[in-house]
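Asker: Here it is, the structure, as structure tokens.
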Amino acid sequence: MALLEAKEKFRRDAEAEKDFVEARGKAEGKAEGKAERDQVIVQSMHAEGFDIATIARITKLSEAEVQKILE
């Protein structure tokens with residue numbers, strides 16, 4: 001009986017680890033996607049003549065973040 005319980009615990013632990021890794025991967029992917037989207041928007045707005053303060057206000061990024069994207 002102890003062997004069956006140990007096997008079941010191992011299976012549950014492996015499943016929990018898999019779920020954790022998948023969730024972390026999804027979160028990282030979302031963050032990367034947002035950063036890429038922000039970069040495209042900031043660069044497009046700047047190319048259209050918007051100043052850094054306006055870009056920051058509209059995108060909800062800080063002026064420092066906007067400046068960093070434009071560097």
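Just so you know, all these numbers are worked out from the coordinates, no wet-lab data involved. Nothing here was measured: the structure is a model prediction, and the numbers come from that model. Please note: Cβ atoms are built from the backbone with ideal geometry, for glycine as well, and neighbour counts cover all protein chains shown.
Asker: Tell me, yes or no, whether segment 53-63 has at least one residue that is in a helix (DSSP H, G or I) and over 22 Å from the mean Cα position of the chain (by Cα).
Answerer: The first filter runs over segment 53-63 and keeps only residues in a helix (DSSP H, G or I), leaving 53-59, 63.
If we keep only those that are over 22 Å from the mean Cα position of the chain (by Cα) too, we end up with 53-54.
Yes: one or more hits.
Asker: Taking the residues in segment 1-47 that are over 16 Å from the mean Cα position of the chain (by Cα) and among the β-branched types (V, I, T) as candidates, determine which candidate is nearest to Q67 (Cα to Cα).
Answerer: If we filter segment 1-47 for residues that are over 16 Å from the mean Cα position of the chain (by Cα), which is where we start, we get 1-19, 41-47.
From the residues that got through so far, the ones that are among the β-branched types (V, I, T) too are 41-42.
Values: I41: 13, V42: 9 Å.
Ranking the qualifying residues of segment 1-47, first place goes to V42.
Asker: Is it the case that V40 is out of contact with any helix residue (DSSP H, G or I) (no Cβ under 7 Å at 6 or more places or on another chain), among the aliphatic types (A, V, I, L, M) and part of a helix (DSSP H, G or I)?
Answerer: Numbers: out of contact with any helix residue (DSSP H, G or I) (no Cβ under 7 Å at 6 or more places or on another chain): yes; among the aliphatic types (A, V, I, L, M): yes; part of a helix (DSSP H, G or I): yes.
It is true that V40 is out of contact with any helix residue (DSSP H, G or I) (no Cβ under 7 Å at 6 or more places or on another chain), among the aliphatic types (A, V, I, L, M) and part of a helix (DSSP H, G or I).
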